[in-house]
Amino acid sequence: MSSAHFIALVGEQQRGAKGPSPVLGLTVSKKVGTAVERNRVKRRIREWFRRSRAALPQNLELVVIARRGAAEIGMLETERELGSFFR
């Protein structure tokens, strides 16, 4: 799945995993911006995941890859784009 600023890779947890709860992985490369901007993008993605965790499938493994321009959008746009993957 992809949007203007993010790519999401979705998988199912294997049976040997710790427990049935969604898991998040992040990739934010230097193409996104400076270290400060990359960390801000990661914080926004983690916050979206924290808020959305209960609504996500319990055996979900999710990797979010930030694209160029992800540092220029705000929290609302981040939530809208990532939320659109699971509607």
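A short reminder: the numbers here are calculations on the coordinates, not readings from a lab. This is a predicted model, so every value here is computed, not measured. Heads up, the Cβs are rebuilt from the backbone with ideal geometry, glycines too, and the neighbour counts pull from every protein chain shown.
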Helix 35-52: inclination vs the chain longest Cα principal axis, degrees, rounded to 10, gives 40 degrees
Computed, not fitted: 222 nm per-residue ellipticity of the chain from DSSP H runs ≥ 4 (each -39500 (n - 2.57)), nearest 500, equal to -10500 deg cm²/dmol
The rounded separation in angstrom of the Cα centers of region 19-55 and region 67-86 is 10 Å
Residue span Leu9 to Leu26: 0.36 nm per residue of separation minus Cα-Cα distance leaves a gain in nm of 5.1 nm
Taking every other residue with Cβ under 9 Å from the Cβ of Ala71 and scoring Lys and Arg +1, Asp and Glu -1, one gets +1
Output for the chain (equivalent-ellipsoid semi-axes, sqrt of 5λ from the C-alpha gyration tensor, Å, descending) is 23, 13, 11
In units of 2.2 N^0.38 Å, the Cα radius of gyration of region 28-79 is 1.18
